[in-house]
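Structure record follows, encoded as structure tokens.
The values are calculated or read from the model by the stated rules, or taken from the named source; none is laboratory data. The structure presented is a predicted model; accordingly, all values stated were derived computationally and were not measured. Cβ placement follows ideal geometry from the backbone for every residue including glycine, while neighbour counts extend to all protein chains displayed. Ligands, DNA and RNA are stripped out before the accessible areas are found, and what is left, the full protein with its side chains, is counted by its heavy atoms. Shrake-Rupley method; radii C 1.70, N 1.55, O 1.52, S 1.80 Å.
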Amino acid sequence: MMENPGFKQLDDLTSRKIIVSGEDLMLAEVHFKKGGIGALHKHTDHEQAGYIAKGSFELTLGSEKKVVRQGDCYYAPKNVLHGVVALEDSIIIDSFTPIRKDFL
């Protein structure tokens, strides 16, 4: 288990911290240990953009799978299936609009 002050432990390999949140926009920093999974899901009410701050992931976005690395970005529109698997210890900065009230 990771120990990160201010972070919420999601499972043994994943933790999340809200960086900033306004009325309509939110940024979250998500840490993954190698093998950590952001399970496949889709948002009916949210758009999401992510920036790979460290490491690399196998990203599923719709019907496409690709490897994204530090410095890469992705965009997940509403109702598009997406998820990640960490290929090494990695960090994503995710933005959501509107905010994810379930994260607060």
Among GluC sites (Glu not before Pro) in the stretch 1-100, those in a DSSP loop whose Cβ has at most 11 other Cβ atoms within 10 Å are E3, E23
Restricting to lysines 8 or more places apart or on different chains, can you count the pairs in the chain with Cα atoms under 12 Å from each other? 4
Surface accessible to a 1.4 Å probe, per residue, for the residues of the stretch 5-95, Å²: 55 Å²
Could you tell me whether the stretch 11-53 comes out rounded, prolate or oblate from its Cα gyration tensor? Rule is a ≥ b ≥ c as square roots of the eigenvalues, rounded for a/c under 1.5, then prolate if a/b exceeds b/c, otherwise oblate. oblate
When a/c reaches 1.5 or more, the comparison of a/b and b/c decides; with that in mind, is the stretch 40-81 rounded, prolate or oblate per its Cα gyration tensor? oblate
By the C-alpha gyration tensor axes a ≥ b ≥ c (rounded if a/c is under 1.5, else prolate when a/b exceeds b/c, else oblate), the shape of the chain is oblate
Would you work out what percent of the accessible area of the chain, with all protein chains in place, is carbon or sulfur (probe 1.4 Å)? 53 percent
